[in-house]
Amino acid sequence: MVAHSGEDGRKLASSERPDLIFLDMMMETWSEGSNVVIALRVSVETKDTPIILVSSVNFRNTMADEAPEEAMEVDGYIVKPVEPQKLLEQVKSTLKA
């Protein structure tokens, strides 16, 4: 499944209930990605669905106190360009948890 906006992604996740969500942080606005995470976490349908953030921004270098996963209440974080092996490792790790 692919959504082309945060709102479409939220609706699609609520109706289709995927096993895992990949969410690009950079959408139409900087805050849209974080707003989608918040909406998914408060929704009964998606609150327990694992979310892996994908971003070209390496938050690990900019956030001193918390890892991106902890700060955003997500289950994983991948920096673009995505390396296939790291993607597979993150998916396996996330789905085992």
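The values are calculated or read from the model by the stated rules, or taken from the named source; none is laboratory data. Everything numeric in this text was worked out from a predicted model, so none of it was measured. Virtual Cβ from ideal backbone geometry, glycine too; neighbours counted across all protein chains shown.
With respect to D19, is the statement that it is part of a loop (DSSP other than H, G, I, E, B) and without any contact (Cβ under 8 Å) to a residue 24 or more places away in the chain true? Explain how you work it out, then say what you get.
Details: part of a loop (DSSP other than H, G, I, E, B): yes; without any contact (Cβ under 8 Å) to a residue 24 or more places away in the chain: no.
No; evaluated as a whole, the condition is false for this residue.
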| Taking K92, is it part of a loop (DSSP other than H, G, I, E, B) and either modelled with pLDDT of 90 or more or surrounded by fewer than 17 Cβ atoms within 10 Å (Cβ to Cβ) (or both)? | no
| message | Pairs please, first residue from region 74-97 and touching a residue at least 60 places away in the same chain (Cβ under 8 Å), second anywhere and among the aliphatic types (A, V, I, L, M) and not in a strand (DSSP E or B), Cβ atoms under 9 Å, 6+ apart in sequence or on different chains. | response | V91/L20; T94/L20; L95/L20
| field | Positions within region 47-60 being hydroxyl-bearing (S, T, Y), surrounded by 12 or more Cβ atoms within 10 Å (Cβ to Cβ) and either at pLDDT below 95 or touching a Gly at 6+ places or on another chain (Cβ under 7 Å) (or both), in sequence order | value | S55
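Can D8 be described as surrounded by fewer than 18 Cβ atoms within 10 Å (Cβ to Cβ) and modelled with pLDDT under 90? Please lay out each step first, then the result.
Numbers: surrounded by fewer than 18 Cβ atoms within 10 Å (Cβ to Cβ): yes; modelled with pLDDT under 90: no.
Against the criterion (surrounded by fewer than 18 Cβ atoms within 10 Å (Cβ to Cβ) and modelled with pLDDT under 90), D8 does not qualify.
Each row is one residue, and each column tells you yes or no for (1) surrounded by 17 or more Cβ atoms within 10 Å (Cβ to Cβ); (2) in contact with a strand residue (DSSP E or B) (Cβ under 9 Å, 6 or more places away or on another chain); (3) of a type in the set (S, T, Y); (4) at pLDDT 95 or above.
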site: F22; (1), (2), (3), (4): yes, yes, no, yes
site: M26; (1), (2), (3), (4): no, yes, no, no
site: W30; (1), (2), (3), (4): no, no, no, no
site: V37; (1), (2), (3), (4): yes, yes, no, no
site: E45; (1), (2), (3), (4): no, no, no, yes
site: T62; (1), (2), (3), (4): no, no, yes, no
site: D65; (1), (2), (3), (4): no, no, no, no
site: E73; (1), (2), (3), (4): no, yes, no, no
site: L87; (1), (2), (3), (4): no, yes, no, yes
